[in-house]
Every structure is written in structure tokens, then in C-alpha cells.
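Notes to accompany the following structure.
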Amino acid sequence: MPRISHSLGAILHHNVDKALLCGGRSAPAFGGGAILAPIHVHLAGRAVSQVANDPIPIAEIAIQCTREWFGTNMHAMDAERHVQIHAGIQPGSIDLQALFSAAGPQNVALANDTSIGVGHAPLTRLERLVLAVEKQINARDRVRQHPAWGEDAKVMGVRHGEAVNLTIACAMIGRHLAHIDDYLAEKNAVADLGRRLAIEHRFATCEVAVNAADRPAAGSIYLTVTGTSAEAGDDGQVGRGNRVNGLITPCRPMSLEAAAGKNPVSHVGKIYNVVAGEIAESVVAMSSDIRSAECLMVSKIGAPVTNPAIVQIKLATVDKIPALQFTAKAEEIAAERLDNIPRLVIPRLVDEFVAGRIEIF
């Protein structure tokens, strides 16, 4: 299929931030396996489909980009045969399209929603360890070193003082494994990775369980054809996964917003979660007397995105040093970050989003 290319020189109104994944059916096997029923991905959202008399093939673009993502990021998946993509994308309401095109003072974009963004810093050792394990499992050179490791990896960390327990799920790909001994060797390699990274993160002891539900003697193991549990009926929905810092941390400040797919110009569900994290990181970095920081930002639909209804910063200091002495500097940092939020004329933060320099999941 020829690549669809359509450029109008600007970001148009879109919020394609809803998706449902319906798992397929597979028959994994050592040395191969087969997909019996494909994975289905349903995309939903709103996007401009026509500018003046120029139609925009939104559904075709969405399907093509999704298929390209699978082909690029899932090394054992045939993006043409193993997945079917359905686009249910329609133009947004007239009022929200008009709000997107409008501008406040100094050409600042107007918030498209009333929402909340949050961030915290620094990440704990356990949080950093969990992220490091996942990133190592999914590192680009991993495909060459461990082609049997699928991209469907989940890491749970539990800390008990200076000891940590890691439970890691890593889908194994049958075509790269000749028999059960190969499978067990790859599981051991994942466990070794977890223990090594735990040492690097200064944990005294680390227990690692990989694919903990396995029962090899009964022939029940986490073997796949494509490297994801989605091939065998494991469904998924946007909003249940990682937040913009790459973690699921229900005991930390968390927004329920899923940032991917939201437009980077005015969707505060995307922008404020990223900016809140940046503010928290910068506040912590300004003094060694600050132990941690949390930032909460609330938007009001129709208000300039650089003018949130509230910005709340909470500080924890060392040795009970009064947090009030850092108030002025924290306010300066927040103001500077807010000034970097998208403008219709100088879209600085927009450029960072579009270039992929800001991770959002």
C-alpha cells in the first residue's frame, strides 16, 4: 500500500486518544507457532477531516501510522497479517474546533478541557529500578542479543527496607526457542538482568520472579508467536497503563489522563502532566535541602493554557527546614515552565512533542 502523505503546515484539531485492543487467538510453539485469529485495534477520537475544499484522509492516516508503529516496535509481529486496525474517527464538535483555532492574549492557545495534571520528583530508587528493568528488556540492541524476548514486558517492584522483590512478565517468542531448556535459559537471563540492575540501584538483596505463573512440568509457560499476550485474548484499553513518567504509581500523585493521542497545542491532559513533572524536577534540583516535590495543575476550559486555575507545589525538606524559604524560587520556576507551554506563534513545547523528545508513555 502506498504511503499516505498529507501536510498542511500546521497542527489541526485532533484528540485521537481512545483505543480498544481486542486480543486474538494463537497457537504458540517452540520453533514457530501460528496466529489463528488476528488482534483487533479500534481507534476512536476526533480530528479535522477537511480544510477548505481539501479533504484529509484521517482514517487512512491513522491506520497506516498504527500499522507502522507495530512494524517498528514489535519485532516478531507481522503488522499486515497479525493485527486488524479499525478507525472510528470523526470531526470534533464545532465549538471545540473553534476553541482550538482561537487564541488568547499574546497568541496563547486556549485550554480545550477542564482537567488536572500532576507530577512528582525525584523518582525513588525503586521507581528508577523498575523503569531501568523495563527499558533494558525493551532496549533496541536486545533484539540482537535476546530475540526471544517480546516487547510485552511488565515489571512490579516491592521494597522491604533495603531488599526488593521484582515480579517480571516477559512474553517469550517461540520461533527463537528450540525447546523448554532454551525458554528457561531466557527466563534466567531476564532474572539476572533484574538482579544486576538492583545492585546498580544499591539494593542489598533482590529476589526476582520471571513469568511467575509458569508451570513447566504441566506444559504451561508464557510462550507467544508475536511477543505480546494480546495475541491470545489479553485485551486492553487506553487509560489503564503507564503515565507520562513511564510508571503506574497509585500511591503517588496520579492523573487519570492518557497523554498519547491528545493534541500538543491545547490539550491540557497531555501538556499539564508533562509540565507538572518538569516543575517538580526543577524545584528539587534547585537546592539540596529539598527532599522531594509534587506539583498539581488545574485547567479551565477556554482559559489560556499558560494561565492554569491553580498551580500547587508541595515540598518536603531535609532537617525540617522551612519550605517557605523556597517559595519565591519555586514560583519563578513554575512561571518559566508555563511560559514554555504552546503558543500559536512560538510553539516551543509543541516542537518537543512533535519531534518525540518528550516521552509520554
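The values are calculated or read from the model by the stated rules, or taken from the named source; none is laboratory data. A quick note: this is a predicted structure, and the numbers were derived from the prediction, not measured. We place every Cβ from the backbone using ideal geometry, glycine too, and count neighbours over all the protein chains shown.
Each residue in the stretch 102-112 was checked for being assigned to a loop (DSSP other than H, G, I, E, B), of a type in the set (A, V, I, L, M, F, W, C) and either in contact with a Lys or Arg (Cβ under 7 Å, 6 or more places away or on another chain) or touching a residue at least 60 places away in the same chain (Cβ under 8 Å) (or both), and 3 pass. When every residue of the stretch 139-157 is checked against the conditions, none turns out to be at pLDDT below 95 and on the phi > 0 side of the Ramachandran plot. Among the criteria (1) crowded, with 17+ Cβ neighbours inside 10 Å; (2) not in a helix (DSSP H, G or I), the one Ala198 does not fulfil is (2). Identify, please: which residue in the stretch 295-305 is crowded, with 21+ Cβ neighbours inside 10 Å and of a type outside the set (A, V, I, L, M, F, W, C) and is, among those, farthest from Ala121 (Cα to Cα)? Of everything passing the filter in the stretch 295-305, Pro304 is farthest from Ala121 (Cα to Cα). Of the residues making up the stretch 215-247, those that are without any contact (Cβ under 8 Å) to a residue 12 or more places away in the chain, within 18 Å of Ala29 (Cα to Cα) and not in a strand (DSSP E or B) are Ala217, Ala218, Gly219. Scanning the stretch 310-322 for residues that are more than 15 Å from Glu336 (Cβ to Cβ) and in contact (Cβ under 8 Å) with a residue 12 or more places away in the chain yields Ile310, Gln312, Lys314, Leu315, Ala316, Thr317, Val318, Asp319, Ile321. For the stretch 154-183, the tally of residues that are among the hydrophobic types (A, V, I, L, M, F, W, C) and not in a strand (DSSP E or B) stands at 3. Quick one: in the stretch 215-238, of everything that is surrounded by fewer than 17 Cβ atoms within 10 Å (Cβ to Cβ) and not small (Gly, Ala, Ser), which residue is farthest from Ile168 (Cα to Cα)? Here the residue is Gln237. Considering the stretch 340-361, the residues that are under 18 Å from Ile279 (Cα atoms) and exposed (fewer than 14 other Cβ atoms within 10 Å of the Cβ) include one that is modelled with the highest pLDDT, namely Arg357. Answer yes or no as to whether Phe326 is within 24 Å of the chain's Cα centre (by Cα), of a type in the set (Phe, Trp, Tyr) and either surrounded by fewer than 21 Cβ atoms within 10 Å (Cβ to Cβ) or more than 30 Å from Lys154 (Cβ to Cβ) (or both). It is false that Phe326 is within 24 Å of the chain's Cα centre (by Cα), of a type in the set (Phe, Trp, Tyr) and either surrounded by fewer than 21 Cβ atoms within 10 Å (Cβ to Cβ) or more than 30 Å from Lys154 (Cβ to Cβ) (or both). Residues that are in contact (Cβ under 8 Å) with a residue 40 or more places away in the chain, of a type outside the set (A, V, I, L, M, F, W, C) and part of a strand (DSSP E or B) within the stretch 250-296 comprise Lys262, Ser292, Glu294, listed in sequence order. Among the conditions (1) part of a helix (DSSP H, G or I); (2) under 30 Å from Ser287 (Cβ atoms); (3) of a type in the set (Gly, Ala, Ser), the only one that Gly117 does not satisfy is (1). For Arg291, the requirement of being surrounded by fewer than 22 Cβ atoms within 10 Å (Cβ to Cβ), in contact with a helix residue (DSSP H, G or I) (Cβ under 6 Å, 6 or more places away or on another chain) and of a type outside the set (Val, Ile, Thr) is met. For the stretch 79-101, a residue qualifies if it is of a type in the set (D, E, K, R) and outside any helix (DSSP H, G or I), and the qualifying residues are Glu80, Arg81. So how many residues does the stretch 306-324 have that are polar (S, T, N, Q), farther than 18 Å from Ala121 by Cα and at pLDDT 95 or above? The total comes to 0. Listed by position, the strands (runs of 3 or more DSSP E) contained in the stretch 19-78 that have at least 1 residues being surrounded by 16 or more Cβ atoms within 10 Å (Cβ to Cβ), touching a residue at least 60 places away in the same chain (Cβ under 8 Å) and of a type in the set (Val, Ile, Thr) are 32-37, 39-47.
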